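To start, the structure itself, in structure tokens.
Just so it is clear, none of the values below were taken in a lab; they were calculated from the coordinates. Values in this document were obtained by computation on a predicted structure and should not be read as measured data. Here the Cβ positions follow ideal geometry from the backbone for every residue, glycine too, while neighbour counts run over all protein chains shown.
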Amino acid sequence: MPIIDLQRRMRQLGEIRIGRVVDTGRVSKKTNKPILRPEKLNHFRFTSPSREILTEVATLYGGEVQPWTPANGGPSEFEVYSKANRLPVLIPPRDAVSQWYELYAGSKCQRRCDGVTEHKSDRPCICNPEDRQCSITTRVNVMLRDVPALGQWLLVSKGYYAAVTLPPAAELLAQAGGYVAGWLGMEEKLVQRDEGPARFMVPTLDVEITPAALMAGQITGGPQAVASGPERVAITSGRPDYAALAAEAKTAEEVGKLWTQANQAGHLDDDLAKALKARAAALGAVPKEQERKEPEPTPDDEGVFEGEVVEDTPDPAAAEGMWFQIMAAAGPRGMTTAQLETAFAQQHGGLHPSSATVAQLESFLVALKGGEL
């Protein structure tokens, strides 16, 4: 019988990078070494110990193979500055995206934490949640469809936007049960900060299949041959076993995502809703208050009632699933249901979460995770 952990681990061919480090021209007084700073790139950069594989990469995506030595003093490798900012990839069915809070000293990882447990020492996380020493580290594993080499490529990002956008896509794709044809891209983000605007690149994952098709059933097999156009994947009819997936969920937030998925696919019936609520409650979520007496409306100075202008229609089922996710995200921060409701009302002009739209709840969840509350 084969050794399972070795059987499931594919060879890493190299790394796909969206930046580099450059010399600032200054020298550290402590180490007497040059001070480096990160610099974003507009096209992908590849590094690998294999010159032969990078030669194939350069042929496909442009650039020249040249020697490269990591700034942290690691083994010498090779690099290619390509002309591509969008790559055809195969996304693996498991471990496509992983995340940790990590702290490094040079090239050595000192801490690797999931927000609760520090796994290198097997003890509770020692960082202050409001001022972490560790950095969010998101890793993406893909296969390059057109490069003739068997193995995966790793992309590492320490940015906030990659951390919040890539894992949900990977979780959805994990239900496919096989490799999914897609595209690895990069987008520039502009953020206004107190010290001025900041521009940085964010990795993106796109697939060659619609979200509705993914939700409608599981993907079987690999990419199928078609007469023309991009590679597609076969879809089976039916619906996911949401109850079984919920039973395997580790957090109430995962249950909330299943709720949203089932609702959008038209699969959320009364029995499934009860099962998902029970599972979320078992994982510590507290459902939001369903009934609340609203105050009598009053007109503004122009005699217009606030209720006369409706921008979005609340979706109770989808909103309930989103509230599970908010409760799960609030748990590590020590916020109670009452505190969440108060914070939400402050952000939305006194509106209670039970009357909110999905878009308003999503915006609140992003703000909560981003530490803006």
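Region 330-362 and region 31-67 have Cα centres separated by 45 Å.
At full extension, residue 86 and residue 243 could sit 52.8 nm farther apart than now, given 0.36 nm per residue minus the alpha carbon distance. Report note on the peptides 321-328, 114-121: ranked by the mean count of other C-beta atoms within 10 Å, highest first, their order is 321-328, 114-121.
Calculated on the Cα set of region 9-224, radius of gyration then Dmax: 18.6, 60 Å. Averaged over residues, the count of other Cβ atoms within 10 Å places the peptides 250-259, 185-194, 351-360, 142-151 in the sequence 250-259, 351-360, 142-151, 185-194, highest first. Kirkwood analysis of the Cα pair distances in region 5-55 returns a hydrodynamic radius of 13.9 Å.
Determine the gain in length on full extension of the stretch residue 21-residue 119; use 0.36 nm per residue of separation and subtract their C-alpha separation, reporting nm with one decimal.
32.4 nm
For region 88-178, the pair-distance distribution built from all alpha carbon pairs, in bins 5 Å wide starting at 0, is 3, 13, 19, 20, 18, 13, 9, 4, 1, 0 percent.
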